[in-house]
Amino acid sequence: MSAVSHATSEPRGPGRWLLRFELHVPYAYEALWPVLTTGDGLWTWLAEARVLERRLGGAVTLHWPDSGATESGEITAWDTERVVEYTLSGQGRIRFHLEPVGTDSTVIRFLDERGGDDAERLDALAGWHDHFELLEAALSGHPAHWPSWTGTRRAELRAAYAA
């Protein structure tokens, strides 16, 4: 089973949420950076990067094979090997902050600032949790195989977040 712990969420005004995950992974941050910031890396666990201009202010378009959604936006933070932030039309702002722990592990602090009602908040919590489990699998040499992906795990996670 996964080492991804449940996220927290807090309201940020009417119809706005801030979701937080913190993951401690046994990989150096140098190994994580390309998985979070390149098309080949993102494809292994998150989405197809149809456009990805790897710089502050660069354009980004991500297509999620699990949901079929495609969203565009820009890179709103870029601090090489430490912070990347994508602001996307339908997702809001998603931010990955990498903090090295020693030489061979990293804490990923993830934020998703987004709109939506409570049902959408639960869907997002389950979706990100599912994707972070896919990230852990990809880092250990088992990238996502999107044609065989099912929503079973995500449904389990949504039920757990709703409880």
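The values are calculated or read from the model by the stated rules, or taken from the named source; none is laboratory data. None of the values given here were measured: they were computed from a predicted structure. In this analysis, Cβ positions are derived from the backbone assuming ideal geometry, glycine residues included, and neighbour counts consider all displayed protein chains. The protein model used for the area step is the full one, side chains on, heavy atoms only, and it has no ligands, DNA or RNA in it. Shrake-Rupley method; radii C 1.70, N 1.55, O 1.52, S 1.80 Å.
Please list, by residue number, every one of the GluC sites (Glu not before Pro) in the stretch 1-108 that is coil in DSSP and has at most 16 other beta-carbon atoms within 10 Å.
E53, E81
Hey, any idea what % of the stretch 5-117's accessible area is carbon plus sulfur with a 1.4 Å probe?
Exposed carbon and sulfur together represent 49 percent of the surface.
Give me the percent relative contact order of the stretch 34-163, please, defined on Cα pairs under 8 angstrom at least 6 residues apart.
After rounding, I find 18 percent.
If each of H97 and D40 carries a label point 7 Å out from its Cα toward its Cβ, how far apart are those two points in nm?
3.0
Using only Cα positions of the stretch 1-138, each an equal point scatterer, no hydration layer, compute I(q)/I(0) via Debye at q = 0.08, 0.13, 0.14, 0.17 Å⁻¹ and quote the log10 values to two decimals.
For the requested q values the scattering log ratios are -0.19, -0.52, -0.61, -0.93.
Using the beta-carbon distance between E156 and D117 and R0 = 25 Å, what value does 1/(1 + (r/R0)^6) give for FRET efficiency, to the nearest 0.05? Don't skip to the end; give the middle numbers.
Values: r = 22 Å, r/R0 = 0.86.
Efficiency for this residue pair is about 0.70.
Can you find, among S72, L52, V107, the residue farthest towards the positive end of the dipole of the chain? Put +1 on the C-beta of Lys and Arg, -1 on that of Asp and Glu.
Going by the charge dipole, the pick is S72.
Assign unit charges at the C-beta atoms only (+1 for Lys and Arg, -1 for Asp and Glu), then state the dipole size of the chain relative to its Cα centre in Debye, rounded to the nearest 20.
220
To the nearest Å, what is the center-to-center distance of the stretch 12-89 and the stretch 94-118, using C-alpha atoms only?
So the separation of the two Cα centres works out to 10 Å.
How much FRET efficiency would the formula 1/(1 + (r/R0)^6) give for A59 and D79, where r is the Cβ-Cβ distance and R0 is 25 Å, rounded to 0.05?
After rounding, the FRET efficiency stands at 0.85.
Run the simple label-point estimate for S67 and E22 please: 7 Å along Cα→C-beta, distance reported in nm.
Label-label distance for S67 and E22, simple model: 2.6 nm.
What number comes out for accessible area per residue over the stretch 110-163 if the probe is 1.4 Å? Units Å², please.
Details: 2450 Å² over 54 residues.
Ligands and nucleic acids excluded, the figure is 45 Å² per residue.
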